[in-house]
Amino acid sequence: MQSTLIRNGTLITPRDASREDILIEGETIAAIGPRLRAPKGARVVDAKGLLVFPGLIDPHVHLREPGGEHKEDFLSGTRAALAGGFTTVLAMPNTSPALTDRETLAQARALAASKAVCDIGFFVGATADNAEQAAELEGAVGLKLYMGSSTGNLLVADLAGQAAHFERYPGVVAVHAEDEEAVEHFRTRAHFAARGQPRPPICAVLAVSRALALAERLGTRLHICHVTTAHELALIRDAKARIARRNARSDVCVTCEVTPHHLFLTSEDETRLGALGRTNPPLRAQKDVDALWENVDTVDCIATDHAPHTLEEKRSPTPPSGVPGLETALALMLTAAQEGKLGLGEVAALMAREPARIFGLERKGHIAPGYDADLTLVDAEAEWVIGEQPLQTKCGWSPFEGRRVKGGVRQVFLRGEEVYANGEILAAPGCGRVVP
Ligand SMILES: [Zn+2]
């Protein structure tokens, strides 16, 4: 069994930062402490001057395989993950075919097992008629339910269909919360379209209130994807408080995520970026972005919603929605931390501990003995400009191009294995494991 000693790094945990060594035995963290002794034959890594984060977990990525391999595949997408400091990603089911039953899920899991270079889990997709089947399915980290249409053709827009899933699904129900009726209504209303607001905030607010009400009524573990406005966060905060007051032992639970593009870009950037800034839900006004930062304590985790499309597709007359984000998320968050917007411990909580907790990844999210030796070593002083170096994602572009950030990923360990170092992917296809 290979032993590795990581020396002199500054460990970032949600509670504090401390200079300690990490001893890895095989795939697992064996010990943590000051000046640990290297066992005979151990590899020693000097992390002096580096921050050591738990391997990051992205609970919302679109790796496009099967069906969209010209945009991304399990290999290119997980390479992008490693370059961004992520050691686990949770993939969405809106592929082609969509992952909605035992067969499609098993096929995607098998494909990923042979290609992925980081650990990966899958959501099963909700349809109008698979509530019973989805609830009994093993091998998914949760159910993804599109309350409004987005990329792909997964959609459960009606209340009865949504309630069937909310009532039956035993795990986490992650919702794309934009109300389909409202989306349709405002899409055809010229005055909104003319102001460049095809999906105004009310679409999200309506869907979030419905999802919260259903979850509270039916006892659902609800996770709300990509929240974008203060109004949604206020609804979520109230629901959390109500649930906590009412029944501490209940299964009901509400969590939410925010994406880096909604934290670091505004609707004005969309005007500048054109289709490259188009995403669902859309980029919002500066006041909404400010409100997300002011209420970041209600946000449970950061999710990139990495959704690559080729430049050709984005420049076509009917550009699809979605932006890539795996390789820029950590640098953006570290830059914000150095600007005083949040603490490094919060970054570790939002990008590792909490996504692990929400989706039941029991051996991940912490730097502690017994946990998987997933570690991301970061040089907080490294300044770089997004877009100056080529990206690993197949789509090859970023909506953050030209932005100066501070914080670079130096080295990544996946279950004890060095899988990334100084710009190079060292992992072989298939070294990623499919969870659960
Ligand atoms: Zn998404």
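The values are calculated or read from the model by the stated rules, or taken from the named source; none is laboratory data. Keep in mind that what you see is a predicted model, and the values were worked out from it rather than measured. Heads up, the Cβs are rebuilt from the backbone with ideal geometry, glycines too, and the neighbour counts pull from every protein chain shown. Areas reflect the complete protein model, heavy atoms only, side chains present, ligands, DNA and RNA absent. Shrake-Rupley method; radii C 1.70, N 1.55, O 1.52, S 1.80 Å.
Please state which one of Ala30, Ala47, Ala38 is surrounded by 17 or more Cβ atoms within 10 Å (Cβ to Cβ), touching a strand residue (DSSP E or B) at 6+ places or on another chain (Cβ under 6 Å), more than 24 Å from Gly408 (Cβ to Cβ) and small (Gly, Ala, Ser). Write out each step before concluding.
Values: Ala47 fails: more than 24 Å from Gly408 (Cβ to Cβ); Ala38 fails: surrounded by 17 or more Cβ atoms within 10 Å (Cβ to Cβ).
So the residue among Ala30, Ala47, Ala38 that is surrounded by 17 or more Cβ atoms within 10 Å (Cβ to Cβ), touching a strand residue (DSSP E or B) at 6+ places or on another chain (Cβ under 6 Å), more than 24 Å from Gly408 (Cβ to Cβ) and small (Gly, Ala, Ser) is Ala30.
Out of the range 317-334, which residues are in contact with a helix residue (DSSP H, G or I) (Cβ under 8 Å, 6 or more places away or on another chain), in a loop (DSSP other than H, G, I, E, B) and surrounded by fewer than 24 Cβ atoms within 10 Å (Cβ to Cβ)?
Just the residues of the range 317-334 that are in contact with a helix residue (DSSP H, G or I) (Cβ under 8 Å, 6 or more places away or on another chain), to begin with: 319-320, 323-330, 332-334.
Now restrict to residues that are in a loop (DSSP other than H, G, I, E, B): 319-320, 323-328.
Correct list: Pro319, Pro320.
When you look at Gly416, is it open to solvent by less than 10 Å² (accessible area, probe 1.4 Å) and at pLDDT 95 or above, yes or no? Explain how you work it out, then say what you get.
Details: open to solvent by less than 10 Å² (accessible area, probe 1.4 Å): yes; at pLDDT 95 or above: yes.
When the stated conditions are applied, Gly416 passes them.
Just to be sure before I move on: is Glu294 of a type in the set (Asp, Glu) and either closer than 30 Å to His70 by Cβ or modelled with pLDDT under 95 (or both) in the structure I sent?
Numbers: of a type in the set (Asp, Glu): yes; either closer than 30 Å to His70 by Cβ or modelled with pLDDT under 95 (or both): no.
Here the answer is no, as Glu294 does not meet what is asked.
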Pairs, first closer than 30 Å to Gly407 by Cβ and without any contact (Cβ under 8 Å) to a residue 40 or more places away in the chain in the range 85-112, second within 16 Å of the ligand (Cβ to nearest atom) and in a loop (DSSP other than H, G, I, E, B), C-beta under 8 Å, six or more apart | Ala91/His62; Ala91/Leu63
Residues of the range 50-70 that turn out to be away from the ligand (no atom under 16 Å from the Cβ), assigned to a loop (DSSP other than H, G, I, E, B) and open to solvent by 20 Å² or more (accessible area, probe 1.4 Å), as a count | 4
Subset of the range 73-93 [within 13 Å of the ligand (Cβ to nearest atom) and either assigned to a strand (DSSP E or B) or over 15 Å from the mean Cα position of the chain (by Cα) (or both)] | Val89, Leu90, Ala91
For Ala160: the one exception among (1) open to solvent by 20 Å² or more (accessible area, probe 1.4 Å); (2) assigned to a strand (DSSP E or B) | (2)
